[in-house]
Amino acid sequence: MRKELTDEWDARGVQKGIEYAILTDEISRAWSGMSTRQYKDLKGLTKENLRDNMTTLELVLNMLAEATTTEISKQRAPETFSENGEVARAGGKVAGDARKAVEAQTGVPVITAKNAAQLNRVVSDMIEDVALNATHNKQEGQ
């Protein structure tokens, strides 16, 4: 998804570096309510990759925002950086609307401060619990 978006930006004359960062922040703000830096700060990240530290739902919504931005860009064919910014906000808004709908249905926020280390710990704890229960059940059965 990300490569398709950057390929589209390249085709539209968006400059790598600062312009990519600005448009990425526009997408992020539109779907998550935060800039990329604010999102990384929430998760306690310094140099780590934000995507590697997202929950499945966060990642899916981020990908939806990027894919939608790509499709809108293909249809609208923005010619200026300002027009690309409008497209980025529009694509991000689609995912932002989806995030709000999920939150309305579940009653819990989609965006979490949990990072990869914390998410991996949850999985490890679950695996350990399953293994302990299996051992305990086996011993009771003998």
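The values are calculated or read from the model by the stated rules, or taken from the named source; none is laboratory data. Computed from a prediction, not measured in an experiment: that's the story for all the values here. Every residue, glycine as well, gets a Cβ built from its backbone with ideal geometry; the counts of neighbours run over all protein chains shown.
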For this session: Answer yes or no as to whether ASP52 is out of contact with any strand residue (DSSP E or B) (no Cβ under 8 Å at 6 or more places or on another chain), modelled with pLDDT under 95 and part of a helix (DSSP H, G or I).
Result: yes
Exercise. What is the one condition in (1) out of contact with any helix residue (DSSP H, G or I) (no Cβ under 7 Å at 6 or more places or on another chain); (2) buried (at least 17 other Cβ atoms within 10 Å of the Cβ); (3) modelled with pLDDT under 95 that ALA67 does not satisfy?
Worked result: (3)
Exercise. Among all residue pairs at least 6 apart or on different chains, which show Cβ distances below 8 Å where the first residue, located in the range 119-142, is of a type outside the set (Val, Ile, Thr) and surrounded by 10 or more Cβ atoms within 10 Å (Cβ to Cβ) and the second is outside any helix (DSSP H, G or I) and at pLDDT 75 or above?
Worked result: LEU119/THR55
Seminar exercise, completed: PHE81 passes all but one of the listed conditions (1) under 19 Å from TYR20 (Cβ atoms); (2) within 20 Å of the chain's Cα centre (by Cα); the exception is number (2)
Exercise. With ALA95, ALA67, ALA88 as the choices, which residue is of a type in the set (A, V, I, L, M), over 16 Å from THR6 (Cα atoms), assigned to a helix (DSSP H, G or I) and touching a residue at least 40 places away in the same chain (Cβ under 8 Å)?
Worked result: ALA95
For this session: Go through the range 70-95 and count every residue that is buried (at least 22 other Cβ atoms within 10 Å of the Cβ) and closer than 12 Å to GLU26 by Cα.
Result: 5
Exercise. Could you give every pair whose Cβ atoms fall below 6 Å, whose first residue belongs to the range 29-43 and is assigned by TED's automatic domain parsing to the domain that holds THR69, and whose second residue is of a type in the set (Gly, Ala, Ser) and in a loop (DSSP other than H, G, I, E, B), counting only separations of at least 6 or pairs across chains?
Worked result: ARG29/SER35; LEU42/ALA113; LYS43/ALA113
For this session: Looking at (1) at pLDDT below 95; (2) in contact with a Pro (Cβ under 7 Å, 6 or more places away or on another chain), find the lone condition where LYS3 falls short.
Result: (2)
